[in-house]
1. Along its principal axes, what span do the Cα atoms of segment 1-40 show, with the longest given first and each in whole Å?
2. Could you state the per residue volume, in Å³, of the convex hull enclosing the Cα atoms of segment 28-171?
3. Determine, from the Cβ-Cβ distance of K385 and S274 and an R0 of 30 Å, the FRET efficiency 1/(1 + (r/R0)^6), rounded to the nearest 0.05.
4. Classify segment 201-289 as rounded, prolate or oblate from the Cα gyration tensor: take a ≥ b ≥ c as the square roots of its eigenvalues, call it rounded if a/c is under 1.5, otherwise prolate when a/b beats b/c and oblate if not.
5. Counting other Cβ atoms within 10 Å, keep those with at most 14, restrict to DSSP loop, and tell me which chymotrypsin sites (Phe, Trp or Tyr not before Pro) in segment 130-166 are left.
6. If you wrap a convex hull around the C-alpha atoms of segment 100-149 and split its volume per residue, what is the figure in Å³?
7. Measure nothing but the geometry: give the 0 to 90° angle between the long axis through the Cα atoms of 198-212 and the longest principal axis through the Cα atoms of the chain, rounded to 10°.
8. Rounded to the nearest 5, what is the percent of antiparallel bridges among the DSSP beta bridges in the chain?
Amino acid sequence: MLPQFLIAAPSSGSGKTTITQGLLRSLRNKGFSVQAFKCGPDYIDTKHHEWASGNVSINLDTFMSSPEHVTDIYSKYSSKADATVVEGVMGLFDGANRMEGSSAEIAELLDIPIILVINAKATAYSVAPLLYGYKHFYPKIKIAGAIFNFVNSESHYQFMKDACEDVGVEALGYVPRNENINLPERHLGLQISAEDNYEDTINAMASHLEKTVDIDRLLEICNSKRPEYKAESIKTKPKLRIGVAKDEAFNFTYHENLRALSQIGEISYFSPISDNTLPDVDFIYLAGGYPELYLEELSQNISMRRAIQDFATSGGKILAECGGMMYLSKNIIDKAGKLYPMVGFLDQNASMKNMKLKLGYRKIKLEAETLFGHEFHYSHLVDSKEKTKDIEVYSARAKRLDTQVIRKNNVLASYIHFYWGEKNIYTTFWDK
């Protein structure tokens, strides 16, 4: 048996991320080895999960990967845990197309109960029809209980308890508003940095939660059969040498992507900010991140820029996603219009001027292959002379998009963050 549950909400902004992290830290402080998961393509919340729980957090995504892959990795990472906590995405039923890829779909697939986080700031007994609707709308999932966020007082919470009793959903407690436990935000979402004093904040979250939420009861009602896991056979690694950019500017990675790389070679990490030379590698992965926050440092590291330019020009294999693609461009232009020279391999500029969010799932048809990913950025390309050839990009609703996927020499570059934990992009694109 294993305490396992999915934290969901009727909508974004209900506080499920804060409550998830408070629960993770509380369980860790109680001595649990707790495994966290994140529904959907978010690579930032997983960083917070890891910090709060002490274990790497894993993305579960039924749009970018098959149901079999999701169940396999869930059972794998749950196999040694004392408890698992899955954080949902957006509202419970919000998917790429109706429920496709939604938290509800993943809860059904994994057969785990759901704990609803309700924003009770401006409501009282009226949560009853909301709870009733969520309980009965889709009978293939189980709403096990509810936690009410932004509650003003114990008497305010009593209205919620009455609603839960009448609907048949267990009330597990409430969380009063506390301005001292707000997480820092940046333009791409929640982000950890040393100056944010995150460790104190996450412990404060846990303590705040423990005062008014019955965590022991939550674990009790969500205790269910541990998923079966069949250990993978150990395979001999090829001698591929892989360089992965990893520093403050480049760190948006899916754990399963890195695991897929580790299965085909040895990974060496390097920093485009502080290292002067590349490791001796056959393949470079330039992941996304925050290059726009480190333009001065990246631009001033001329030796690294030249090393990557030489590697790409001489036929070196590179996958560059979002911020990585921006770094391969001639310049990155900041919000004020100032140009910062970058690698210069791609004949284009990336600009932060007139920022506009572009996001969504992507389906990429590459010759006879189909890849999946997610686009999430505020910058845009200007003066681009690079052309997409023989690659089609579609939205989750099968609409043809103009998102570029650039093939130049042995470089594949795009704003898309590819998911290749199931279908290895290296073997698909370079090792045919």
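1. Computed over the Cα atoms, the extents are 31, 20, 14 Å.
2. Details: hull volume 18.1 nm³, N = 144.
Considering the Cα atoms of segment 28-171, their hull volume per residue is 125 Å³.
3. FRET efficiency, K385 to S274: 0.45.
4. On the way: a/c = 4.96, a/b = 1.63, b/c = 3.03.
Note, shape of segment 201-289 comes out oblate.
5. When the chymotrypsin sites (Phe, Trp or Tyr not before Pro) of segment 130-166 are filtered for loop state and at most 14 Cβ neighbours within 10 Å, F137 remain.
6. About 81 Å³ per residue, rounded to a whole number.
7. 20
8. Details: 36 of 83 bridges.
Percent antiparallel among DSSP bridges in the chain is about 45.
The values are calculated or read from the model by the stated rules, or taken from the named source; none is laboratory data. A quick note: this is a predicted structure, and the numbers were derived from the prediction, not measured. Every residue, glycine among them, receives a Cβ derived from its backbone with ideal geometry; neighbour counts consider all protein chains shown. Only protein heavy atoms, including side chains, enter the accessible area calculation; ligands, DNA and RNA are left aside. Shrake-Rupley method; radii C 1.70, N 1.55, O 1.52, S 1.80 Å.
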